[in-house]
Each structure stands twice: as structure tokens, then as C-alpha cells.
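Notes to accompany the following structure.
None of the figures in this text is laboratory data; all of them are computed from the coordinates on show. Computed from a predicted structure; not experimentally measured. Positions of Cβ are backbone-derived with ideal geometry, glycine not excepted, and every protein chain shown enters the neighbour counts.
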Amino acid sequence: MSRSREIVLGIGGGIAAYKSADLLRRLKDRGYLVTVVPTPSSLNFVGAATWEALSGRPVTTEVWEKVEEVRHVTLAKKATAVLIAPATADLIARIVQGRADDLLTNVVLATSAPIFIVPAMHPEMWANKSTRANVKTLRDRGVFVMEPDVGRLTGSDIGQGRFPDTSSIISAFEGELGFKQDLIGKRVLVSAGGTREAIDPVRYIGNRSSGKQGIAIAQAAFERGAEVCLVLANSSIAVTPGVSVVNVETADQMFSALSNEFQKSDLLFMSAAIADAKPSQFSPAKIKKDDLHQIELTKNPDILSALSSNKTQQRIVAFAAETNDDEIKALEKMKSKGADFIYLNNVSNGEIFGQDRTSGTIISKSGAPHKVQDISKDTLAHLLLDLASVKLD
Ligand code: CTP
């Protein structure tokens, strides 16, 4: 399972605070959405302006700032992890005591997200019995406390207490907290929503697709480190910042947006419901009801077939919203459109469109069909990503 990448980065008042500027940059490169919460004393080492510039978000240190936002509770709820780096002996002691004397310790008390602490201090302070006992208490409570590195400290001292290098912090943090980052360096293209084909300025031919499944896939891929482009038709659902969104209305616009991105993508998820036909002529004036007898239609391009006929490295997942459970027909549809997988769901009882949960069958070229029953669209997103990204070079 992967998690959303909204994290709080707490900064304690130690000289290693400056090294966390690099940590913050690397976290952002990996797609984390980071709010920095420095302790007031840490601002002696690195000022709020640095954190604001690097994180692109406002930075506060006290509960008395931006009171109307009730920031400690908002941040505590929003975060899927709290990473504190560096943590001083004093900050560790305050967390052990359950104190709430600045914004960071308030967030720590108010959150139910996992907490990951990276201590950095003078070796004598790290070895001190109080610190040893405090670290043990935190570990007993389920807080992850990393071991500091051994080496040269700020002065001439040598010992255990150094801030570990950024890459070991990130790999320990991701490994310990289960952040799955298996799609770094991959480009994922997703189509979602339902296209609309205008009849006149008022009316259109459309469908009931909400875009939820495709948005869930785009967000899951982003959480797992991919660069994601979402071509979204007529959906007002909010999308995680970081996913690049191209809004379209018609099948033709969707075709052109997908064509621009397809060649450079590794995975394509065609979850959009594309109108199979459009009015042959658009009436610029509203058609009066007495003149509205019939609409002549022209077929829209089959976007998936057109894209797959030029495929190179791409893995393609198609979707089939049907009013039956015919797996043989779905398999034929998948093959005829050049896809590698197809997710078949039966929408006849109206239980899928616009809902948060889904049931259906994942069909692939090889292997038995995999049925899923009443799972969240996020879970399906991860399942499809797991399947489609196997052995992707
Ligand atoms: N699709 C597409 N272009 C279209 C229609 C559909 O790329 N003009 C894609 C959808 O995004 C989906 C897959 O093809 O991933 C199957 O969609 P579906 O509507 O089931 O396929 P159709 O070819 O329209 O088949 P049917 O005759 O059953 O409607």
C-alpha cells in the first residue's frame, strides 16, 4: 500500500537544521507535499523565509499565528507522516513529556499519523541517560527514532550524534513508513471523465462518467513517484497538486491532448468514457424544440486503437463499462484495441458511476481474470498500477 504524500517536516533548533534544506528539496523532488514547521529556536539557524521559499508554503512556528486556521489541528489531520529532522535533545524531551509549547509539539500531540524522528546533537547529549531514556520511551510508544551517524560534529568532537545523510534519511523514512516509490522516473498518462459533444450552445451528447476512477489512478501514480499527466474531461473533482491536468471537453480535444503525451509515456490508463459519436453539425444558435426531431451523428475516432497502433514501450490499460459481465467479449475488446489489460465493470444497476467504490474484473492477455468486489477506487488504482508496472524498464 502506498500513502498520500502530504507530510509535515519539523525542524528542531540544532545546527543540522541547514542540512534539512537539502532534505526538503529531495522530498519535494520525490513528489512529497511538505509543510515545514520549525521550532522558534531553530529560526536562529535557518529562517522562515528559507523554508517558505523551498516548500512553497507558508511557515509558522507558534499556535498564535494564523489562529483562524487552527493550524496545529489542520496540519495534524492532513499529514500522513510527521518527519522531524533534526530533533534536538530538548525537542525529544518535550515530545516525551507531551508538552505543547510551540506549533510543532502541538502537531505531534494532535496527529494520529506516524512520527519519524532524526536526532542530531552532541555525542555526550545523545549518550546522556536522560536522552537514552527519552529515546527508549518514544520507541516504546511506536515513534520511529533513527540512529544518528557517527563522525565529526560541528566542533572538533567525534562521536555519535551527526545528522545522517539525506539519502539514508529518505530511504529509512520511506521504508519504515511504507511509502511506495516504485514509479520514480516513469511517466503515466491517464484519461478520465466523460466527453461532451455539443449539439448547440445549450445541449450536448454526454455520459455519466464522473472521472473518479481515473483521478484515483492519477493520484496513486503520483504518490508512487511517477510524473503524471491527466487528461480530464468535464469533471469538477479536485486533483492533487503535482498531477499535471489538461482539461478537455470533446473526444477530438481528448485525442489531441493524449496524442501529445502518448509517445513519452510508459503507462496509459484509458478510463475516460468517450462519446462514440458527435453531431455532424454544431448549430451555433439554440435549436428550437419544434425543430429538434433528429440529430445526425458522425463517428468519433477510437482514440485507444489509434494510440495503440503506434505504441512502443507503453503498457495500456483499457476500461469497459458494460451492462453485462461478459469476460470473453471484454478480452476481445482489449485485444482489438491493442491494450494489455482491461477493467470490466457492470454499470447496469447504477452502482459504479460517481461512487467511491467499485466492483469488476481485471482481465489480462495471460492469467486468469481477477475479480474485485466492493473495493475503493483508490485500491483498484493501486492494483492496476501494480499489474501494469510489472517489469517495466
Ligand atoms: N475508447 C476510446 N475511444 C472511443 C471509445 C472508447 O479510446 N471512441 C476507449 C475507452 O476509453 C475505454 C475503451 O476504449 O478504455 C473501451 O471503451 P468502450 O466504450 O467500452 O468501447 P467501445 O469501442 O465504445 O465499445 P462499445 O461498442 O461496447 O461501446
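Using a Gaussian network for the chain with springs between C-alpha atoms less than 10 Å apart, which of these wobbles most: 339, 198, 216?
Answer for the Gaussian network model of the chain: 198.
For region 6-177, with the dipole built from +1 on Lys and Arg beta-carbon atoms and -1 on Asp and Glu ones, taken about the Cα centre, which of 107, 171, 123 lies farthest toward the positive end?
171
In region 198-214, whose amide N lies under 20 Å from the spot 7 Å out along Cα-to-Cβ of residue 293? List them in ranges.
Residues passing the 20 Å test: 199-200.
Please report the antiparallel percentage of DSSP beta bridges with both residues in region 187-388, rounded to the nearest 5.
Beta bridges within region 187-388, antiparallel portion: roughly 35 percent.
Under 5 Å between amide hydrogens, which residues at least 5 positions from residue 37 or on another chain qualify, with H placed 1.01 Å from N in the peptide plane?
Here 9, 10, 11 satisfy the definition.
Add -39500 (n - 2.57) for each DSSP H run of 4 or more in the chain, then divide by its residues: what number comes out at 222 nm, to the nearest 500 deg cm²/dmol?
-9000 deg cm²/dmol
Would you please classify the overall shape of region 1-146 from the alpha carbon gyration tensor, given that a ≥ b ≥ c denote the square roots of the eigenvalues, rounded means a/c under 1.5, and beyond that prolate means a/b larger than b/c while oblate covers the rest?
Here region 1-146 falls in the rounded category.
Between residue 62 and residue 101, what is the spin-label point distance in nm, taking each point 7 Å from the Cα along the Cα→C-beta axis?
Distance between label points: 1.4 nm.
Would you mind computing, in nm to one decimal, how far apart the modelled labels at residue 165 and residue 355 are, each placed 7 Å from Cα along Cα→Cβ?
5.1
Under 10 Å from the Cβ of residue 19, count the other residues' Cβ atoms, weight Lys and Arg +1, Asp and Glu -1, and hand me the total.
Charge balance in the 10 Å sphere: -1.
Using θ = phi - 60° and the Karplus form 6.51 cos²θ - 1.76 cosθ + 1.60, what ³J(HN,Hα) does each residue of region 70-79 get, whole Hz, x for Gly and Pro?
Whole-Hz 3J(HN,Hα) from phi for region 70-79: 6, 4, 5, 6, 4, 5, 4, 6, 6, 6.
List, in order, the whole-Hz ³J(HN,Hα) value for each residue of region 133-140 obtained from phi through the Karplus relation with A = 6.51, B = -1.76, C = 1.60 and θ = phi - 60°; use x for Gly and Pro.
5, 5, 5, 4, 4, 4, 4, 4
Sequence-distant or interchain residues sharing an amide H contact under 5 Å with residue 196, placed H: which?
250, 251
Expressed as a rounded percentage, what relative contact order does region 165-236 have, with Cα pairs under 8 Å and six or more residues apart?
The value is 41 percent.
Straight distance only, please: which lysines reach the Cα of residue 66 with their own Cα at less than 22 Å, same-chain residues fewer than 8 apart left out?
77, 78
If you average the sequence gap of Cα pairs under 8 Å that are 6 or more apart and divide by the length of region 6-177, what percent do you get for the contact order?
Reported as a whole number, the value is 22 percent.
Does a label point 7 Å from the Cα of residue 276, set along Cα-to-beta-carbon, have any residues of region 181-221 with amide nitrogen under 17 Å, and which are they?
Under cut-off, by backbone N: 194-197, 205-209.
Tell me, what HN-Hα J-couplings in whole Hz come from the Karplus equation 6.51 cos²θ - 1.76 cosθ + 1.60 at θ = phi - 60° for each residue of region 152-168, using x for Gly and Pro?
Computed from phi, the couplings for region 152-168 are 7, 8, 4, x, 9, 5, 10, x, 8, x, 5, 5, x, 6, 3, 5, 6 Hz.
Given contacts defined as C-alpha pairs under 8 Å and at least six residues apart, what's the relative contact order of the chain, whole-number percent?
12
Tell me, which longest segment in the chain has none of the GluC sites (Glu not before Pro) that fall in DSSP loops with at most 13 further Cβ atoms within 10 Å?
66-295
Any lysines with Cα under 27 Å of the residue 278 Cα? List them, leaving off those in the same chain fewer than 8 positions away.
Correct list for residue 278: 212, 286, 288, 289, 299, 311, 329, 333, 335, 337.
Leaving out same-chain residues fewer than 8 places away, which aspartates and glutamates sit with a Cα under 16 Å from that of residue 264?
227, 393
Quick one: which residues, 5+ away or cross-chain, put their amide H under 5 Å from the amide H of residue 389? H built at 1.01 Å from N.
So residue 389 has HN proximity to no qualifying residue.
Find how much the distance from residue 323 to residue 391 grows on full extension, using 0.36 nm per residue of separation minus their present alpha carbon separation; answer in nm with one decimal.
In short, 21.1 nm is gained.
Give me the net charge of residue 280's neighbourhood, meaning all other residues with Cβ under 12 Å from the Cβ of residue 280; Lys, Arg count +1, Asp, Glu -1.
Local net charge: 0.
Between residue 237 and residue 130, what is the FRET efficiency for a Förster distance of 51 Å, r being their Cβ-Cβ separation, to the nearest 0.05?
After rounding to 0.05, the efficiency reads 0.50.
Where does the charge balance sit around residue 71 when Lys and Arg score +1, Asp and Glu -1, over other residues with C-beta under 12 Å from its C-beta?
Overall, the nearby charge balance is -1.
So if I place +1 on the C-beta of Lys and Arg and -1 on the C-beta of Asp and Glu, and nothing else carries charge, what would the dipole magnitude of the chain be about its Cα centre? I want it in debye, nearest 20.
300
Classify region 187-388: rounded, prolate or oblate, from the alpha-carbon gyration tensor (a ≥ b ≥ c, eigenvalue square roots; a/c under 1.5 rounded; otherwise prolate if a/b is larger than b/c)?
Taking the square roots of the gyration eigenvalues as a ≥ b ≥ c, region 187-388 is prolate.
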